[in-house]
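Engineer: The structure is given below, and queries will be raised subsequently.
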Amino acid sequence: MTGFDTAGTLLARARMLTEAGHPDAGAAWRRAAAAVARAGGRLSPGDEADSLDALALDHRGDAGHCAETHFARAAELHELAGSHGKSLLSRARALLCAPDAAGAAGPGPEARAMAALGALCDQVVEAHEAGDTTAAQTATLLLLQCGVRAGGLGATPGPGGGSATESGATDLRAKLERLRACTQDHRRATAANAGDRTREST
């Protein structure tokens, strides 16, 4: 077996694990990248982006680790490779790794981070409607937004110092409805495609 054969096998496994969202994807990409380098090659922009995403996911939350930088670079490479949906996801994850997203610098920066995340969600929904992102990519980004919004319920003071939980819950319900509509459209399309294949086979 040649070096490229070995690299090809490892690349195929890394891609498969990434597609499945498997936690071993990061380790698989490290082995694949090393094999490609030994064979005198280099990862394609799309593969390098997936590798950076997996590495950042492995170390997200680790003190001193630059997950935000890895996600940001992955977003650029995904766009270069023509994977707009993956690029939007990486941009969202980079945003959520930033200190501002956790409110570390106060409510002002946190609100700006949430607004930026909302803008990315608008983009992914529009791209999905245009056929430029998959349902899984769209749903994942919307779930990230819902998770952050749910985590902030009751944490933001309302008028007069009271809790803004009721307002936040209403906003979260609207976001969950948006997610439900996205997944429902996907189920209908999948069922229609399955019906078409059944008719073609009879």
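Engineer: Which residues, counting only those in segment 22-34, are touching a Ser or Thr at 6+ places or on another chain (Cβ under 9 Å) and surrounded by fewer than 20 Cβ atoms within 10 Å (Cβ to Cβ)?
Structural biologist: Scanning segment 22-34 gives a single hit, ARG30.
Engineer: In addition: Could you figure out which of (1) of a type in the set (A, V, I, L, M); (2) open to solvent by less than 20 Å² (accessible area, probe 1.4 Å); (3) free of Cβ contacts under 8 Å to residues at least 40 places away in the same chain; (4) under 22 Å from CYS121 (Cβ atoms) isn't true of LEU57?
Structural biologist: Of everything listed in (1) of a type in the set (A, V, I, L, M); (2) open to solvent by less than 20 Å² (accessible area, probe 1.4 Å); (3) free of Cβ contacts under 8 Å to residues at least 40 places away in the same chain; (4) under 22 Å from CYS121 (Cβ atoms), LEU57 misses just condition (2).
Engineer: Considering every residue within segment 115-126, establish whether at least one is at pLDDT 85 or above, assigned to a loop (DSSP other than H, G, I, E, B), under 17 Å from the mean Cα position of the chain (by Cα) and not polar (S, T, N, Q).
Structural biologist: Checked against the condition, which is being at pLDDT 85 or above, assigned to a loop (DSSP other than H, G, I, E, B), under 17 Å from the mean Cα position of the chain (by Cα) and not polar (S, T, N, Q), segment 115-126 yields no hits at all.
The values are calculated or read from the model by the stated rules, or taken from the named source; none is laboratory data. A quick note: this is a predicted structure, and the numbers were derived from the prediction, not measured. Glycine also receives a Cβ, built like all others from the backbone with ideal geometry; neighbour counts cover every protein chain displayed. All accessible areas refer to the heavy atoms of the entire protein, side chains included, with ligands and DNA or RNA removed. Shrake-Rupley method; radii C 1.70, N 1.55, O 1.52, S 1.80 Å.
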